[in-house]
Amino acid sequence: MKKVFLLAGMLLFISQVMGQIGGLSGSKLASYCVNVVKPGTVEFEPSFSYTRYTGYWDDNGELKAYSALGDTVYNSSGFAMRFTYGLFDKMEVGISVPTIMDKGYLGVRYILFEKKKLGVAAIAGMQVPLGNGFFNKNIHTEENTVRAGFGGVFSYSATEKFSMDANLQYNGFLKKTVSNNTGNYTASMDVGYYIFNHTFQLIGALYYENNNVGNRVQDVLTVLPGFTVETGKSFIIVASVPFSVYGHNISKGVGFSFALTLTFN
């Protein structure tokens with residue numbers, strides 16, 4: 001049973017990559033912003049993540065150790081690449097893939113409304129299985145079934161230095177899976193503040209995910225402190241230290257992520 005908790009926790013804790021719509025550009029950590037990549041411009045972003053899981057929350061939200069002695073941990077790392085293209089003034093499309101190539105993520109964003117301080121956009125995407133190996137095409141698992149999602153993006157810029165982004169998303173499988181996973185809901189909010197002449201952005205983010213598997217509900221709340229460095233014209237450095245603070249039937253972890261966003265005109 002503890003191994004089941006561990007695996008489920010791994011899949012959900014890295015939900016910034018796995019549980020959300022992928023392939024889209026962003027200006028902060030957990031949430032997408034309303035702005036899209038300029039038409040005719042390509043963003044390429046390699047990213048690295050590492051997480052250490054130290055225990056799990058049970059059905060009642062109580063934190064438990066993996067072993068009786070409390071000396072068991074699980075380490076997980078990953079590398080991914082994102083490609084995003086500015087299609088029109090209000091629209092971008094993109095793909096992202098982990099290096100293990102087990103899945104591919106397709107995303108699109110369209111700006112619905114944008115004024116000086118406020119903006120609203122719609123996003124949609126698909127998660128497509130790409131892994132190698134044999135599988136039974138009549139048995140639909142979470143690993144071999146296409147997932148599709150949609151959501152909304154809200155951005156507010158109070159000043160030139162301070163801004164906020166918030167997202168709501170739903171992702172579900174296109175066919176019923178043997179695990180009876182009915183899909184997941186995610187909500188996130190990022191706030192950022194620029195210092196040093198708009199070259200360094202301090203960011204604080206919250207990310208919540210709720211996943212329903214049969215009669216069991218898994219949820220997790222993650223805090224993401226981090227920053228961006230924007231000293232160059234064609235690159236941005238993004239770093240964060242995500243750690244989970246609350247959950248049910250989910251693993252507790254702390255990690256580090258790093259990304260380099262490159263722009264090509």
Problem - Rounded to 10°, Cα long-axis angle of helix 2-13 versus longest principal axis of the chain - result: 10 degrees
Fill in the blank from the handout: Listed residues Lys116, Lys38, Lys175; largest mean-square fluctuation, Gaussian network over the chain with Cα springs below 10 Å, found at Lys116
Fill in the blank from the handout: Quick calc: nm separation of the 7 Å Cα→Cβ label points for Thr231 and Leu202 -> 1.9 nm
Exercise for the section: Could you check how many percent of all C-alpha pairs in the chain are farther apart than 23 Å? Expected result: 53 percent
Practice task
Within 10 Å of each residue's Cβ, count the other Cβ atoms and sort Lys90, Lys176 from fewest upward.
Solution key: Lys176, Lys90
Handout entry: Label-point separation, Arg216 to Asp71 (7 Å along Cα→Cβ), nm
Key = 2.8 nm
Completion exercise
Of the stretch 199-217, those with amide N under 19 Å from the point 7 Å along the Cα→Cβ vector of Glu62 are 217
Handout entry: Residue-averaged [θ]222 nm for the chain, counting only DSSP H segments that reach four residues, each worth -39500 (n - 2.57)
Key = -1500 deg cm²/dmol
Fill in the blank from the handout: In the stretch 157-265, the GluC sites (Glu not before Pro) that sit in a DSSP loop and have at most 12 other Cβ atoms within 10 Å of their own Cβ are Glu160
Exercise for the section: Kindly flag which residue pairs out of Lys38/Lys117; Lys103/Lys176; Lys90/Lys233; Lys28/Lys137; Lys64/Lys161; Lys38/Lys137 have an alpha-carbon separation exceeding 30 Å in this structure. Expected result: Lys28/Lys137; Lys64/Lys161; Lys38/Lys137
Exercise for the section: For a quick protection proxy, order the peptides 47-53, 73-79 by their average other-Cβ count within 10 Å, most packed first. Expected result: 47-53, 73-79
Exercise for the section: Find which of Asn167, Thr228, Tyr194 sits farthest along the positive direction of the dipole of the chain, computed with +1 on the beta-carbon of Lys and Arg, -1 on that of Asp and Glu, about the Cα centre. Expected result: Asn167
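Values in this text are rule-based calculations from the coordinates and carry no lab data. Quantities reported herein were computed from a predicted structural model and do not represent experimental measurements. Glycine also receives a Cβ, built like all others from the backbone with ideal geometry; neighbour counts cover every protein chain displayed.
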